[in-house]
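Here's the structure, in structure tokens; my notes come after.
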Amino acid sequence: RQRALLWAVLLAAWEAAWGQLRYSVPEEMPKGSFVGDVAKDLGLQLPEISDRDAHVFDTGRTRYFFLDLQNGHLSIMEQVDREKICAAVAKCVLNFEILVKRPMNIYKGEVEILDINDNPPSFPERLSVLEISENTAPGARFPLERAHDPDTGVNSLQNYECSQSSYFNLDVKTGDDGEKYPELLLVKSLDREEQAAHTLILTARDNGSPMKSGSTAIQIIVLDGNDNAPEFTQSVYKVTVREDVAVGSLVLQVTATDRDEGPNAEVKYAFFKIPEKFDKAFKMDPESGEIVIMESLNFEEQEFYEMVVQARDAGGLSSHSKVLIKVIDVNNYVPEIVIMSVFSPVPEDTPLGTVVAIFSVQDRDSGANGEVHCSISDSHTFRLEKSFDNYYRVVTASELDREQESEYNVTVRAADGGRPALQSSAVLALRVLDVNDNAPVFAEERYSAWLAENNAAGALVLRVRATDADRGQNARVRYRLAEGRVRGAPLSSYVSVQAETGALTGDVKVTGALDYEERKYYEVSVEGKDGGGLTAHAKLHIDIIDVNDNAP
């Protein structure tokens, strides 16, 4: 374990190209083990990691890693068993995404899970029985049950060995799938009367350090009589099927003949020691040799089946042949859109090229059926950019103006390359945040009014109104009169302007009685100022009307 931890530290590597982080770590490391220094590799300071809310994005899959904000390290959250998550994959890679905000960005990373030799080769059964007629000629071959080792590379099953026998040799062949298939080769004629049974020990070894092995016993029963074994018409049967073929469909039919007569010529067919999941997917008719599909096929899970079939006569003689079934992919998965982050509301003064959303797409099909093309509905205001792999960013392509468009519903569409293509869509709801970019505007540049002299204090002269195209506090207008003096007294001692709570207009009132004989008119300037400090001005002209208040 200590050597494995040291190995993890020495082998951890990173590559920050196009936002990509790469690390490697052995399997079975305990929780909290160090994987890589994300903060250092992204060039971020530790306070910045926390301030920008950096975290491993949750995609709904099992999370094996977490980002420690105290030191910026990527660490193991769940102990990883490579054989469980990458059973049939030579290179086991777990992907993760680091999402940061302010400004928003995403970094893709991958951690290669390195295999350790933690599994010995094992056989499905501790003892298997093989029946062979004493009439079988030397040179006959008998497939043996294979061992399984979930490790990879040198840690996986490398070879078989068999205990010594003067009647049998072990021959190991490499199949089309790269797997090793052990066979017993009869090198000397059997004599049941001399020896009715033989016992051999078959051992499977890997090449790990330390080397591990597993064994099984083979009991060979020598049968009497029956001179001819069944013979298949082909040594290998090959067929190709679509993954959407209906359950119950016939895949192919194998045929074997036996030159004997009577019961010794009656042939029965069966699969010969195939994996359990293969046995569930296919069924063989023992009488006709027809192989039919028992459950739906899935190209993404299994694209190739290699099975051994056996033909056995009533006297116990048998022969074997191979069946190779290749599955063809069908466009049966709709592209999946995963919205990872949306920046909303968006200030209307946001610079061009600002990222407002990040999403990813994936299609479980392969080839052209799994190639996804993305587009957005509003390509004038926003632009779609591909980050890496199947990750995309939506950025601003033109200036935003809340007064013209206060919100956008941008539809993201994903279509695969199948014929016909399968499509999916998602809607990004983006609200535009108001910025104080509009000054108030008075309804009139110049207001005129008249008022009889000797008026009461607080009398309403007229109402002024200024509007602002902005929203909220930015659109709230406050009114005031420009400072000035009349006959040495402040202007505010004659005229005032104020807006009632919730009102959009400003009421211009006199603060006391005006005297025509003292001043025949007043000219003042009124200012409207919004919540952001932008202003507008208008002129007010108030004529004082004479009344007969003076005797000759």
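Give, as a single signed number, the net charge of other residues whose beta carbon lies under 9 Å from the beta carbon of Phe304, with Lys and Arg counted +1 and Asp and Glu -1. Provide the component values of the computation, followed by the final result.
Working: positive: Lys326; negative: Asp176, Asp177, Glu303, Glu306.
Local charge sum for Phe304: -3.
The distance from the alpha carbon centre of the range 415-489 to that of the range 232-248 is 76 Å, rounded to a whole number.
Given a cut-off of 14 Å, what percent of all Cα-Cα pairs of the range 81-161 lie beyond it? Value for the range 81-161 (Cα pairs over 14 Å): 74 percent.
Calculated accessible area for the chain comes out at 53 Å² per residue, all protein chains present (probe 1.4 Å; ligands, DNA, RNA ignored). Ranked by solvent-accessible area (1.4 Å probe, protein heavy atoms only, all chains present), the residues Glu348, Glu28, Glu403 order from largest to smallest as Glu403, Glu28, Glu348.
What is the distance in Å between the Cα centres of the range 163-200 and the range 346-373? If we compute the Cα centre of each part, the gap is 59 Å.
Once the Cα-Cα distance is subtracted from the 0.36 nm per residue extended length, the Phe278 to Ala551 segment shows a gain of 86.0 nm.
For the set Tyr107, Tyr516, Tyr447, the ranking by accessible area, highest first and with no ligand, DNA or RNA atoms included, is Tyr516, Tyr107, Tyr447 under a 1.4 Å probe. D by Stokes-Einstein for the range 38-175, Kirkwood Rh over Cα pairs, 25 °C, 0.890 mPa s: 125 µm²/s.
How do Leu67, Leu170 stack up against each other in accessible area, from largest to smallest, with a 1.4 angstrom probe? Let's see the in-between values first.
Values: Leu67 20, Leu170 50 Å².
I get Leu170, Leu67, largest accessible area first.
Placing one equal scatterer on every Cα of the range 457-537 and applying the Debye formula, the log10 ratio I(q)/I(0) at q = 0.12, 0.20, 0.25 Å⁻¹ is -0.38, -0.89, -1.21.
Roll a 1.4 angstrom probe over the protein heavy atoms and tell me the percent of accessible area of the chain that is carbon or sulfur. It would help to have the intermediate numbers written out before the result.
Numbers: 13720 of 29090 Å².
That share works out to 47 percent.
Remark on the chain: Cys162, Cys374 stand apart, with no other cysteine beta carbon under 4.7 Å.
Within the same chain, lysines fewer than 8 places from Lys273 are excluded, and of the rest, those with a Cα less than 26 Å from its Cα are Lys84, Lys173, Lys180, Lys188, Lys212, Lys238, Lys283, Lys322, Lys326.
Here the chain is treated as an ellipsoid with the same Cα gyration tensor; its semi-axes, largest first and in whole Å, are 91, 27, 14.
The values are calculated or read from the model by the stated rules, or taken from the named source; none is laboratory data. In this text, all values refer to a predicted model and were calculated from it rather than measured experimentally. Note: ideal-geometry Cβ built from the backbone for every residue, glycine included; neighbour counts use all protein chains shown. Just the protein is used for accessible areas: all its heavy atoms, side chains included, with ligands, DNA and RNA removed. Shrake-Rupley method; radii C 1.70, N 1.55, O 1.52, S 1.80 Å.
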